[in-house]
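**Q** Quick one: this structure, given as C-alpha cells, is what I'll be asking you about.
The values are calculated or read from the model by the stated rules, or taken from the named source; none is laboratory data. Since we're looking at a predicted model, the values are computed, not measured. For neighbour counting, all protein chains shown are included, and Cβ atoms are generated from backbone atoms with ideal geometry for every residue, glycine included. Only protein heavy atoms, including side chains, enter the accessible area calculation; ligands, DNA and RNA are left aside. Shrake-Rupley method; radii C 1.70, N 1.55, O 1.52, S 1.80 Å.
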Protein chains: 2
Amino acid sequence: MIDNKALLFINFINKYVDLNEIEEKQILEKAKIRKYLKGQYVVQQGDICKHSGFVISGCTRTFYVDDNGEEHIVMFSIENWWASEIGSFVSQKPSDYNVQCIENTELIQLSFEDQELLFRDIPKLERFFRLILEQAFVASQKRIVSSFSLSAKEQYIQFTKQYPEIEKRIPQYMVASYLGISKEFLSKIKNELKM
Amino acid sequence: MIDNKALLFINFINKYVDLNEIEEKQILEKAKIRKYLKGQYVVQQGDICKHSGFVISGCTRTFYVDDNGEEHIVMFSIENWWASEIGSFVSQKPSDYNVQCIENTELIQLSFEDQELLFRDIPKLERFFRLILEQAFVASQKRIVSSFSLSAKEQYIQFTKQYPEIEKRIPQYMVASYLGISKEFLSKIKNELKM
DNA sequence: TAAATATGTTAATCTAGTTTAACATATTTT
DNA sequence: AAAATATGTTAAACTAGATTAACATATTTA
C-alpha cells in the first residue's frame, strides 16, 4: 500500500532493528494511513482498541476521565511516537482511556490481527516492540518518581526541558492536567518563573 | 547448572510462550541462582545493573533516594516477578534506583551478555519479554492515573485489594513510601478505616 | 466585526496531606 | 531479660496545592 509517508514508520523501526526489504514490504502491505481532524477520537474509553498507531504528523493526548468527571492526561504522542492504547490493544479488552487528536493528525495503523501475523513472520518486530516498551516503561517509572519527589514547580521545569516541542504545541491547561495539578496553580507557577 | 528451583522460572516463561526442551536447556545453562540476605542490595543507585533477576522466593523493593535524602519506593517484587532495574539493565548505564531485599531472597539471574545471546538464539524470549513489559507498562500507567484521581485513602484501599500478599509482608512505612504519602498519614488512614 | 467559545490570570478561601515531636509497641541483639 | 533498634501512633501546627469565582485575552465562527 501507501504513499511514502509510511517510510517514516519503517525508518523508525530500523533505528532499533535491521529489517530486510522483504520484511519492509510485508509491513508496508499491512500498514494503513489514517487521517484524523483535530478533536477526533482514535480510541474512546470503553471501546476496544483495534489498531496500534504510529504518529506521522500531528499530536494526540491519552486521557482518563475519573468518577468525578475529571480528565487526567497520561501521555501526549507526537511525530515518531506511539499513539495507541496499549492496555486495550494487547488485551483486546475495553479501554480505560481516550486517545484524542489535539491537532489534525496522520497515523500509520496496524490492526491487532495483522500485527500478530507480522509478529509471527518477523521475529525482529517482537524485538522492536520489546525495545520500545522498555523505554516506555522506564519513562513511566521515572514519572512516578518525579511526581513523588519533586514539587509542582520542579516537575513543570523538568517537563519543559524534557519535552520542549510538546509544551509549545499544547494548551497550558493540558500541561497542568498531565502534571496532575490545577490550571490555576500552573498559571501561578509560570508567573513566578517569569520574575 | 542448578537444582530444580530454576524450573519455576521456566514454568513462568511457558505461561507466555511455548519453549521446547532444547530452548529450556539453553536457558537453564545460563541461569544462575543467587541468594541474598534480608537487607542486601541487588543493585545500588549509581551501579550498572549487570543481571536481570526473577524472584524464586523472598521480596525486594526498588527505590529512589532523592536530593533531600528521602526514599521513594517504585515497586516491590515477590515470587514470580521481576526484580531487576530494567532502565539500567537495558541501557547498561548507572542505575537511578536501588534494589534491596526486604526478606531473605533467592533470585534466578541472567547476565546482560547471556540474555542477549539467548534473545539471538530464542526469538520466543523476545516475545516473552515483550509481553511482560506490556503488562508492566500498563500497570505503571495505571498507577500514575490512580495517584492523580484518587485520594490517599482510596489509593491505599486499591493497593490492599490489588496486592494483599505484598501488604501483609511489608512494613507499613514502606507501603506509605510506595503510595507517596507520609507514614503518619497512612497510620491515620488505617485508623479511620478500622472504625 | 460582533458574538461566541476556548484559553489564561488573579486573588481569597479552604483542605488534604506534611512536618515535628513525643510516645508506644514489636522485634532483634547482647 | 535488658538494652537497642525498628516499627507504629497520636496530635498540633503548618503548607502546597485545590477550589471558587470573577475577570482578561485569544481564537474561531457567524
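**Q** Of the residues B:116, B:106, B:85, which single one is surrounded by 21 or more Cβ atoms within 10 Å (Cβ to Cβ) and of a type in the set (Asp, Glu)?
**A** B:85
**Q** Related question: On the given criteria, is residue A:23 in contact (Cβ under 8 Å) with a residue 12 or more places away in the chain, surrounded by fewer than 18 Cβ atoms within 10 Å (Cβ to Cβ) and part of a helix (DSSP H, G or I)?
**A** Considered against the rule, which asks whether it is in contact (Cβ under 8 Å) with a residue 12 or more places away in the chain, surrounded by fewer than 18 Cβ atoms within 10 Å (Cβ to Cβ) and part of a helix (DSSP H, G or I), residue A:23 comes out as no.
**Q** Looking for something assigned to a helix (DSSP H, G or I) and of a type in the set (Asp, Glu) - is there at least one such residue anywhere in the range A:62-79?
**A** The answer is no, given that none of the residues of the range A:62-79 is assigned to a helix (DSSP H, G or I) and of a type in the set (Asp, Glu).
**Q** Any idea which of (1) open to solvent by 20 Å² or more (accessible area, probe 1.4 Å); (2) over 18 Å from the mean Cα position of the chain (by Cα) is the one residue B:71 doesn't satisfy?
**A** Among (1) open to solvent by 20 Å² or more (accessible area, probe 1.4 Å); (2) over 18 Å from the mean Cα position of the chain (by Cα), residue B:71 violates only (2).
**Q** Moving on. Tell me, please, whether a residue that is within 23 Å of residue A:138 (Cβ to Cβ), open to solvent by 20 Å² or more (accessible area, probe 1.4 Å) and within 15 Å of DNA strand C (Cβ to nearest atom) can be found in the range B:131-147.
**A** yes
**Q** Moving on. Does residue B:162 qualify as being closer than 16 Å to residue B:73 by Cβ, crowded, with 16+ Cβ neighbours inside 10 Å and either away from DNA strand D (no atom under 15 Å from the Cβ) or within 13 Å of another protein chain (Cβ to nearest Cβ) (or both)?
**A** Here the answer is no, as residue B:162 does not meet what is asked.
**Q** Another question, if that's okay. Has the range A:72-91 got any residue that is on the phi > 0 side of the Ramachandran plot and within 14 Å of chain B (Cβ to nearest Cβ)? Talk me through it step by step, then tell me what you get.
**A** If we filter the range A:72-91 for residues that are on the phi > 0 side of the Ramachandran plot, which is where we start, we get A:80.
From what is left, the residues that are within 14 Å of chain B (Cβ to nearest Cβ) are none.
Scanning the range A:72-91, I find no residue that is on the phi > 0 side of the Ramachandran plot and within 14 Å of chain B (Cβ to nearest Cβ), so the answer is no.
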